[in-house]
Structure formats: C-alpha cells, structure tokens
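Below you'll find the structure, written out as structure tokens, and then a few comments.
The values are calculated or read from the model by the stated rules, or taken from the named source; none is laboratory data. Treat the numbers as computed from the prediction; the structure is a model and nothing was measured. Quick reminder, even Gly has a Cβ in these numbers, built from the backbone with ideal geometry, and neighbours come from all protein chains shown.
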Amino acid sequence: MSAVALLKATPKPTEKNIEESMGGNLCRCGTYPRIREAIKTAAIQITKGGA
Amino acid sequence: MAARVELNRRGFLRVSFVAAGGLFVSLYLDPKSVSVAQEGPMPQAAAKVYPPDAFVNIRPDGKIVIQVNRLEFGQGVQTSLPMVLADEMDADWSNVIAQLAPAADVYKDPLFGIQIVGGSGSIAHSFTQYRELGAKTRAMLVAAAAERWAVTPNQCRTEASVVHGPGGRSATYAELASDAARKPVPAKVNLKSASEFRLIGKRVKRLDSGAKCNGSLKFGLDLDLEGMKVAVVAHPPVFGGRVKSFIDTEARRIEGIRDVFEIPLAKGTGVAIVADKFWPAKQARSRLKIDWDLRGVEAADTVELWTRYKQLAGTPGNVAASNGDANAIDKIPAQKRIVAEYEFPFLAHTPMEPLNTTVRFDGDRAEVWAGSQFQTVDQMAVAEVLGLKPDQVTFHTEMAGGGFGRRAVTDSHVQREAAVIAKRLRGTPVKLVWTREDDVQGGYYRPMHFHRVEVGIGPNGLPLAWRHVIVGQSLLAGTPFESFAIKNGVDSTATEGTADTHYNIPNLHVTAHHPRVNVPVLWWRSVGHTHNAFVMETLIDELATRARIDPIAYRQKLLKPDAKKLLRTLELLDKATASWRNKLPKGHALGVSCHECFDTGVACAVDVSIENKRPKIHRATLAVDCGIAVNPLSVESQFQAGIGFGLTQLMAKGAITLKNGFVEQRNWDGYVPPYIVDAPVAVDVHIVPSTEAPTGCGEPPVPVISPAVVNALSRLTGKRYRSLPLVTV
C-alpha cells in the first residue's frame, strides 16, 4: 500500500523517496534491497506501460 | 556409514552408527501409512529406510507431489529440496507440488537423526538423500517402461516426466507409475554429473511466492478448525515465578471466555485463558488479577550481570583452544599489545508470525499443527504431556513466518503449554498464541556475552599471541544436547568462530565461563558466530589498520592455507569490489569482514557513511562459497535478507535488558529491528563457482555484516566499537 501510494504520487522515485515512503514498513526477513528493487521495477513497468 | 542421533523418550541422546539401508516402495502408497508402519512392526535397530514413495507421489494427473522433510519459514527450502529430487528424477518442474512433511521417522535429518531445521543443515544434509530418492524413482519408472517395451533400461532416456524408448516410443511418468511401484527399489543408482543437471544450479523461482504475494498462503497462525478455541497464557513477570492466587471475575465478564485456569510452565506456573477467539482471550488476560509468588526466584539484572561477567573475564575459564604458548602474550611489550573488552546483549528473535501451536486431544490420539523447526522434539513433548506415545500424536508441519532459531526449542515450552490446555479441553482443538509481547518478554534469548581479548602483535604486524576469555550462559547445559556440545566444561556454541578460527595465530588461548543465570537462552540464527565473528573481525581489522595493510590483503596473509573457502571468497570479493572499493566519495569508508560458519565461507565489503548519527550502508558486496549453489536465486535471497537480519545487532535499541528480574522491553517499540533506512541500499551477491558438496546458507549471512559496518565506522571516526547495541557512532 505504501509502495502504491508512492508510485501514484511519484512515478519515478529516488532512493530517498523510497526510503521515506517505506520507512514505516517492517520486514523481519530483512529483504529491504529487494523491496527497493521491486518498487524500481514497478516504476519502470508502469512508465513503459503508459499508465 | 551415517551418524545417527536417537532421541529416546526420556529425552537423552545416544549416538549410534547405522549403515544406510535398503528401500521398499509402492508409488501410490500413502506416505502416512508408510511412516506408521515403520514405527510399528519394524525393529528399533533397523537400518534407516527412505521409501521413495514417502517423498514422491506421482499423481494420475501428472502432478508430482514432493514431501519436504523441513520447515519452510522463508528460507526457500520448500523449493530447493524438490529441485534436487526433481532434477535426478527428470520430473517436469512445472508440475511439481511441494508439501511440508509431517513428523515421521523417514523425515528425520539423515545426520542429526531428528526432524529439524538447524545448523544450516537442510540442503547440506539432504542433498544426497534427495538426489538418491529422485534417481531411484526415475530408475523404477525406466524399469517399468523397459519391461513394457521389452527393451533394456539403458535404451531409454528421460526428460520432463516422460520416458523415451527406442523407435519413438514414449510414456509419461503418470502412465508408468503403478507399474513402477511394483519394481524393486534399486540398492544403488548412478547420480548425474554436474553437467547433466537441469535444475540444480539454476535460478529457480520459489514455489510459494505467488501465494505469499497475494496473501492466500496459510501460516500456522491462520489455522481455523471447526469448533476451535484460542488460548493465551499469563506468564510470570519474572522467569520461574508461580501463581499464588488469581481473581478472574473481571476477565470472565468478557464475552466468549470459556475457561480460565492455572497451568504448569517450563519454569514456574501461569494462568491460561481459553476463548472463542483471540481478541477476547487477550482482553481477558489484561483483566486478570494475579498474585505472583516470586520467592526464591533469582531476579536477573543486566547491569549487575555486566559487572559479574567483566570480573569473570579477568580470570581464565575452561579451555576451549590452546595452541602454542598460553603465556606468550606476557612476553610481548605493552605498546605491541591490544586489550579489548566487548559486550553483547541479550537478543530476541521476534519472528514476524507470532509463536503458536494448535493441539486437539482425543484421549488415545492427538493432533498437532505447528510451524516447528524441531518436529521430533515437539512431538515427543506433546506426547509426554498427554500420556501418549509419539506415534499417537499426528504432527503437521505448518508454514511459518520466520523463526531464526525461535521455533527450535529444546524444552518445547510452547507445545507443552498448548498440550496442557488441550488436555483439559479434550476433543476441542485449541490454538495457543504467544503474542509479540509474550515473545519479547518470554525469554529464550541469544545469551549476553562478555569477551576480553589480549592480542600481542609480532614484528610483521600479524598477531603472535592471542589470549581470549568468553563469558556467557551455556545454551545446551541441562538439555538433551549437553553431552553432544559441551566438552571440558566448554559449550562449543559459545566459542565457535573463535576457538576454531581459520586465522593462523601461533599462540592462541581461548577459554570460557558459563555462569548460570535465571534467563532462558536459545540459539539465535548463526548462534555463537553472532558475537565471535564480531570480535574476531573487528580485531583483525584493527590489526590490518595498524599494520597499514589493505584489509582484504591482510586477511589473505593471515588465513591458514587450508582455509580454502575463505581464501576463495576473499579473492572473489577483491575482484567484485575493484570497481568501487578505492574510489569512495568523501565521507564514505570501506568496511571488510570475512567469516566461515556451517562450512560456508563468506566475505563482505560495505560502503558506509554517517547520516543522522547512524551508519548509512550504501552498498554491500558479498562473496560466498557454499559448494554447489543448488538454487543461486535462493542463495542470493538468503544473503541479501540475512545481512538485514544480522543488522539487528547494530540497532540503537537492539537489546533485551532486565531490571530486578523484569524484562524492560515489550514490543518492537523498545526492541527495534532494522527498517529500510538501516539496511544496505543495494546488496550484490557473488557465488564462488564450485563442484563441492553444498553447504548451508541460512545462518552464514548473519555474522559478517555487523563487523564490516563498524570497521567502516572506525575508519571514519577513529573510534573502536566494542559494545553492542551500537547506541552512538
């Protein structure tokens, strides 16, 4: 939900944007680098898709 | 010959050696009936038997169901072990379904002899087992096809669940399964050479990611059975406290409360509340008025413990390692000596999915549903509480949301509590939930440790003498594993990573004290390596800095020539970081570490700056030697996330503390795990190409990250960081 909100407001988020938007989400597994990658991948796909 | 550890009903370990045995098979036999049959008529001392059908079921629709003899709790074993079996079987991967096996003899770890996820052993110990199972199943399918076509097996080849024979003939595994089931299980099979692997070594996506992403996957906590009740327990505020009396009038006023009663705990007693749903149970618990009897209960206090530990560290303990001259350090001049004292706090595991277990007791049978890392032990514990034999307890392995060691508890305290409650509610399934607060305050922590190290530096800048005292509670004293891990008064889980260091230190003297403290302790992902790697890798780095030698080169120089895995990872790390290591922006510094544990070598380099008085990790590069990487995608995930978990140690509020016996933290507000801002922005994982047997990847990521980060901080600030948590930079 945080990621969707971020991408709606900021289609091309910077690392800092991602950090700020996802700052309150706890992943106990520690997959944060993957979460960043997923958001960046989604951003590219959304932009490409012309949405 | 395989080492086999038998945990008998009194809970003691005996080690026996048995030859790997023959197999029997019928491919459609129900796995459960096979395991029951084994526990019944088969003699106790029988050789280990792995009926392939207990692991593989070829369904008429072509789906191949593979049983996983481990708990899946995020590490990806539910994908990797089926890959191993399916590869040797030449099964069509797109039709493979993985299931978590229930507790049964056939699913015990071939090396440990109990059903367990631990010691990073899932792939390491079951790789050959699953390959053989796959190869034997394939051989039986080929034999059935060969007979059908009156050809020899070696005229047939297999691919994607189809046997192809001469003259263009072919048959699917599903078509052949019932004939194959009547074939004898081959005693020996040829396994594939590495070049023949179709799945092993490939980046295969995990089988459960879809269900995890859309939320449809069910964890143990999601279990909802007909007529099920939910229980919580009020535990004593100090470990070992007992209920003197309690008033439940207010608690019972809440709608949906079914029962309130006192129960025995692993230590002391508590009050159980059973309700229709979780929330009423939790609300009722807060309304209970309990008068606790804390007489004779030691009130542990971490401030006092540090004083006591520091004093103990000034005296030699029981000898864990003694190479060369124990007093060599005394002959080295003071200016060539480093004296370092380290503090490591209690740490809680706090997996995302709260601890839980569901039990239904039916008088002569019981059924258990638990995300357990320790099925054999937990099944026995439930059986003991209910007065049953283990084989009267059906034990389902539920998907779990993390664990990090917390779901492998030698006293099975969660399962025992659940069984005690279920016994009273005979016939009704009861789910016991330990809330996060119960977990944070409930003990079973990584023990706190104090290290005192004196290092004497030789003329070449390398350590010549090393005297090291480790103080910390024993994990295994008083458990069934005591005789296994405690030698000479030293619990090897406290000294691992130091006493057996791969560095070539001519005069190495390591001793340990294990004070008894009234705080339950437990292994925390990578166990003793969590603190030992930190001490070793920060001191080695300090020595490298002092000697003005590159931190990678210094380690390469100091490692023993037989530390092949670490040397290979350092070589790879050197290459992988060449593009950035010596070109960091102003205000950034490099931090390096390396550590081998559970037979996996890891080297780590980080790019760190200081932001808001905290370390900011811009990048982490890891080099890993884990033998054959069965699923490189899974190995990469383990390392990316495992270093995130390891950073728990560096969090400003990454400590459990006790005052007068009371735990001072309650939840993630007081015991704060890493958030995205604390984790590396990017992690690249490089795997050493290998044909050696695969080794574990669950725990080895954890120890390297914290020392690498503080080594970078030391370069930035000139300070040394020896006390965790990292409160100030």
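Within segment B:557-573, track down each residue that is buried (at least 18 other Cβ atoms within 10 Å of the Cβ) and closer than 25 Å to B:P694 by Cα.
The initial filter retains those residues of segment B:557-573 that are buried (at least 18 other Cβ atoms within 10 Å of the Cβ), namely B:558-559, B:563, B:565-570, B:572-573.
Hits for segment B:557-573 are B:L559, B:A563, B:K565, B:L566, B:L567, B:R568, B:T569, B:L570, B:L572, B:L573.
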- prompt: When you scan segment B:421-514 for strands (runs of 3 or more DSSP E) that lie fully inside it, which ones turn up with 3 or more residues that are touching a residue at least 24 places away in the same chain (Cβ under 8 Å) and under 27 Å from B:T350 (Cα atoms)?
  reply: B:430-433, B:449-457, B:463-472
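Within 14 Å of another protein chain (Cβ to nearest Cβ) and within 26 Å of B:A300 (Cα to Cα): which single residue out of B:R416, B:R452, B:R446, B:R436 fits that description?
Working: B:R416 fails: within 14 Å of another protein chain (Cβ to nearest Cβ); B:R452 fails: within 14 Å of another protein chain (Cβ to nearest Cβ); B:R446 fails: within 14 Å of another protein chain (Cβ to nearest Cβ).
When all the criteria are applied, what remains is B:R436.
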message: Looking for something buried (at least 19 other Cβ atoms within 10 Å of the Cβ) and within 16 Å of B:V433 (Cα to Cα) - is there at least one such residue anywhere in segment B:238-253?
response: no
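Kindly establish whether B:G220 is over 30 Å from B:P632 (Cβ atoms) and modelled with pLDDT of 95 or more. Before you say what the answer is, go through the steps one by one.
On the way: over 30 Å from B:P632 (Cβ atoms): no; modelled with pLDDT of 95 or more: yes.
Spelling it out, it is not the case that B:G220 is over 30 Å from B:P632 (Cβ atoms) and modelled with pLDDT of 95 or more.
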- request: Filter segment B:72-112 down to residues that are assigned to a loop (DSSP other than H, G, I, E, B) and either in contact with an Asp or Glu (Cβ under 6 Å, 6 or more places away or on another chain) or within 14 Å of chain A (Cβ to nearest Cβ) (or both), then give me how many there are.
  value: 6
query: Looking at B:Q392, B:Q373, which one is surrounded by 22 or more Cβ atoms within 10 Å (Cβ to Cβ), touching a residue at least 24 places away in the same chain (Cβ under 8 Å) and of a type outside the set (G, A, S)?
result: B:Q373
Of all residues making up segment A:33-50, the number that are more than 13 Å from A:S2 (Cβ to Cβ) and in contact with a Pro (Cβ under 9 Å, 6 or more places away or on another chain): 5
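Those residues that are in a helix (DSSP H, G or I) and out of contact with any Lys or Arg (no Cβ under 9 Å at 6 or more places or on another chain), I need them from segment B:176-218; list them, please.
Pass one, segment B:176-218, residues in a helix (DSSP H, G or I): B:176-181, B:194-196, B:209-213.
Correct list: B:S178, B:A180, B:A181, B:A194, B:S195, B:E196, B:S209, B:G210, B:C213.
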statement: Taking segment B:154-177 and the residues there that are over 39 Å from the mean Cα position of the chain (by Cα) and of a type in the set (S, T, N, Q), the one that is nearest to B:N57 (Cα to Cα) would be B:S170
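Only one of these is at pLDDT below 95, on the phi < 0 side of the Ramachandran plot and polar (S, T, N, Q): B:N582, B:N532. Name it. Full working, then the answer.
Values: B:N532 fails: at pLDDT below 95.
Within the list B:N582, B:N532, the selection yields B:N582.
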query: Any idea which of (1) part of a helix (DSSP H, G or I); (2) within 19 Å of the chain's Cα centre (by Cα); (3) closer than 27 Å to B:G227 by Cα; (4) not hydroxyl-bearing (S, T, Y) is the one B:A400 doesn't satisfy?
result: (1)
message: Tell me yes or no: at least one residue of segment A:33-51 is within 12 Å of another protein chain (Cβ to nearest Cβ), surrounded by 20 or more Cβ atoms within 10 Å (Cβ to Cβ) and not in a helix (DSSP H, G or I).
response: no
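Restricting to segment B:342-370, what's the tally of residues that are within 14 Å of another protein chain (Cβ to nearest Cβ) and out of contact with any Leu (no Cβ under 6 Å at 6 or more places or on another chain)?
Our first condition is that a residue be within 14 Å of another protein chain (Cβ to nearest Cβ); within segment B:342-370, this holds for B:347-355.
Within this subset, residues satisfying the condition of being out of contact with any Leu (no Cβ under 6 Å at 6 or more places or on another chain) are B:347-352, B:354-355.
Qualifying residue count for the region: 8.
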task: Name, by its number, the condition in (1) at pLDDT below 95; (2) crowded, with 17+ Cβ neighbours inside 10 Å; (3) farther than 13 Å from B:P674 by Cβ that does not hold for A:C29.
output: (3)
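For (1) in contact with a strand residue (DSSP E or B) (Cβ under 9 Å, 6 or more places away or on another chain); (2) more than 16 Å from B:K192 (Cα to Cα), each residue gets a yes or a no:
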| position | (1), (2) |
| --- | --- |
| B:L133 | yes, no |
| B:L141 | yes, yes |
| B:A144 | yes, yes |
| B:W149 | yes, yes |
| B:T152 | no, yes |
| B:R157 | yes, no |
| B:S170 | yes, yes |
| B:A174 | yes, yes |
| B:A177 | yes, yes |
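Test B:I123 against the stated conditions and say whether it is modelled with pLDDT of 95 or more, surrounded by fewer than 20 Cβ atoms within 10 Å (Cβ to Cβ) and closer than 30 Å to B:Q392 by Cα. Walk me through how you get there before you give the answer.
Working: modelled with pLDDT of 95 or more: yes; surrounded by fewer than 20 Cβ atoms within 10 Å (Cβ to Cβ): no; closer than 30 Å to B:Q392 by Cα: yes.
No.
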message: I'd like to check something: does segment A:10-23 contain any residue that is in contact with a Ser or Thr (Cβ under 6 Å, 6 or more places away or on another chain), at the interface with chain B (Cβ under 10 Å from one of its Cβ atoms) and not charged (D, E, K, R)?
response: yes
- line: Pairing a residue in segment B:143-165 that is of a type in the set (D, E, K, R) with any residue that is surrounded by 15 or more Cβ atoms within 10 Å (Cβ to Cβ) and in a loop (DSSP other than H, G, I, E, B), where Cβ atoms lie under 7 Å and the two sit 6 or more apart in sequence or on different chains, gives B:E159/B:D90
query: What single numbered condition from (1) among the β-branched types (V, I, T); (2) closer than 29 Å to B:L305 by Cβ; (3) surrounded by 21 or more Cβ atoms within 10 Å (Cβ to Cβ) fails to hold for B:T435?
result: (3)
